[in-house]
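Below: the structure, in structure tokens.
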Amino acid sequence: MTILLSDGIGASGGLFAILGQATVTITGNADVTLSTAQIEVASLMVTSDGASTGLRRVQAPVTEQGVFFLVKNNTTEAGHFPIAFGGTSGALVTIPWGASALCYCADGANYVCLGLTSSAQSTWTTVAAGATITVQAGQSPSYYSIDASAAQVTFNLPAVPIDGQEVIFTISSATTNANVKIVAGVGTAVWNPGNPGNFSGAGGPVGLGGQGTTFKIKFQAATSKWIQA
């Protein structure tokens, strides 16, 4: 494969990163700005100290056109948070935990995603009767096998979901004596399986019931809705 370059390579040629790899570490709840050495490489492994409590930004140069980076979100927090890659202003690329994205600045102002790998493959999580589960942003797909034989199970969807994030719920208990409640994050809505084509109110709940029922939803950022997939 041949790649035609319209700019120079390295700092002397306009920050067109093409070779090498560097590790970028997020510390606590602070955003991080790429160093000169990190700007010089094409591949960035973003890790963390495990202390972050939400999405953090990795700030890259936007003064030149044609800059691209392959960025992997390898952060270590239990919450599996996404990261945002881009400049101090302009459009950003949101990268789910465990995923890699090819981030490209074509206009000297905004970063766009030219390709995104899926995040780390989730396994089925077994949910006991009466449990309350917080679904993490950026972990996709997430699978839940639910015991609805006794007390109600509640799922709280993330407050800041990632576009395209998928969650799959299956009621796997032999008997179903309690509902499963799915609560949308503030400012978002979720498809109502009991009334197809309709949604909860913003931040409102819907109910899921029935032995053997499987319900798959996917978040659409443009509408702020979880839509049945």
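The values are calculated or read from the model by the stated rules, or taken from the named source; none is laboratory data. Nothing here was measured: the structure is a model prediction, and the numbers come from that model. In this analysis, Cβ positions are derived from the backbone assuming ideal geometry, glycine residues included, and neighbour counts consider all displayed protein chains.
Does TRP226 fit the bill of being crowded, with 20+ Cβ neighbours inside 10 Å, farther than 30 Å from SER52 by Cα and among the aromatic types (Phe, Trp, Tyr)?
On the way: crowded, with 20+ Cβ neighbours inside 10 Å: yes; farther than 30 Å from SER52 by Cα: no; among the aromatic types (Phe, Trp, Tyr): yes.
Here the answer is no, as TRP226 does not meet what is asked.
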Could you please let me know if SER142 is touching a strand residue (DSSP E or B) at 6+ places or on another chain (Cβ under 6 Å), within 27 Å of VAL190 (Cα to Cα), crowded, with 16+ Cβ neighbours inside 10 Å and modelled with pLDDT under 80?
no
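Taking the range 69-91 on its own, how many of its residues are under 13 Å from the mean Cα position of the chain (by Cα) and of a type outside the set (Val, Ile, Thr)? Walk me through it before giving the result.
Applying the first criterion (under 13 Å from the mean Cα position of the chain (by Cα)) to the range 69-91 yields 72-75, 79-85.
Within this subset, residues satisfying the condition of being of a type outside the set (Val, Ile, Thr) are 72-74, 79-82, 84-85.
So the answer is 9.
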With the requirement that a residue be within 20 Å of the chain's Cα centre (by Cα) and surrounded by 15 or more Cβ atoms within 10 Å (Cβ to Cβ), what does the range 174-214 give you?
ILE182, VAL183, ALA184, GLY185, THR188, ALA189, VAL190, TRP191, GLY203
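Could you list, in sequence order, all residues of the range 101-119 that are at pLDDT 85 or above, surrounded by 20 or more Cβ atoms within 10 Å (Cβ to Cβ) and under 26 Å from VAL135 (Cα atoms)? Write out each step before concluding.
Of the residues in the range 101-119, the ones at pLDDT 85 or above are 101-105, 107-114.
Now restrict to residues that are surrounded by 20 or more Cβ atoms within 10 Å (Cβ to Cβ): 101, 103, 105, 111.
Of everything in the range 101-119, just one residue is at pLDDT 85 or above, surrounded by 20 or more Cβ atoms within 10 Å (Cβ to Cβ) and under 26 Å from VAL135 (Cα atoms), namely ALA101.
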Could you tell me which numbered condition GLN136 fails, if it satisfies all but one of (1) assigned to a strand (DSSP E or B); (2) in contact with a Pro (Cβ under 7 Å, 6 or more places away or on another chain)?
(1)
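Going by the structure shown, is GLU40 in contact (Cβ under 8 Å) with a residue 24 or more places away in the chain, over 21 Å from GLN139 (Cα atoms) and among the acidic types (Asp, Glu)?
Judged against the criteria, GLU40 is a match.
Could you check, for the range 49-59, whether at least one of its residues is over 16 Å from the mean Cα position of the chain (by Cα), of a type in the set (S, T, N, Q) and surrounded by 14 or more Cβ atoms within 10 Å (Cβ to Cβ)? Spell out the reasoning first.
Within the range 49-59, the first condition is being over 16 Å from the mean Cα position of the chain (by Cα), and the residues that meet it are 49-51, 59.
Filter again for of a type in the set (S, T, N, Q), leaving 59.
Add one more test, that the residue is surrounded by 14 or more Cβ atoms within 10 Å (Cβ to Cβ), and what stays is 59.
Yes, the range 49-59 has at least one match.
In the set THR47, THR88, THR63, THR53, which member is among the polar types (S, T, N, Q), more than 21 Å from GLN165 (Cβ to Cβ) and out of contact with any strand residue (DSSP E or B) (no Cβ under 8 Å at 6 or more places or on another chain)? Working first, answer last.
Working: THR47 fails: out of contact with any strand residue (DSSP E or B) (no Cβ under 8 Å at 6 or more places or on another chain); THR88 fails: out of contact with any strand residue (DSSP E or B) (no Cβ under 8 Å at 6 or more places or on another chain); THR53 fails: more than 21 Å from GLN165 (Cβ to Cβ).
Residue meeting the stated conditions: THR63.
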Name, by its number, the condition in (1) surrounded by 14 or more Cβ atoms within 10 Å (Cβ to Cβ); (2) in contact with a Ser or Thr (Cβ under 9 Å, 6 or more places away or on another chain); (3) not β-branched (Val, Ile, Thr) that does not hold for ALA137.
(2)
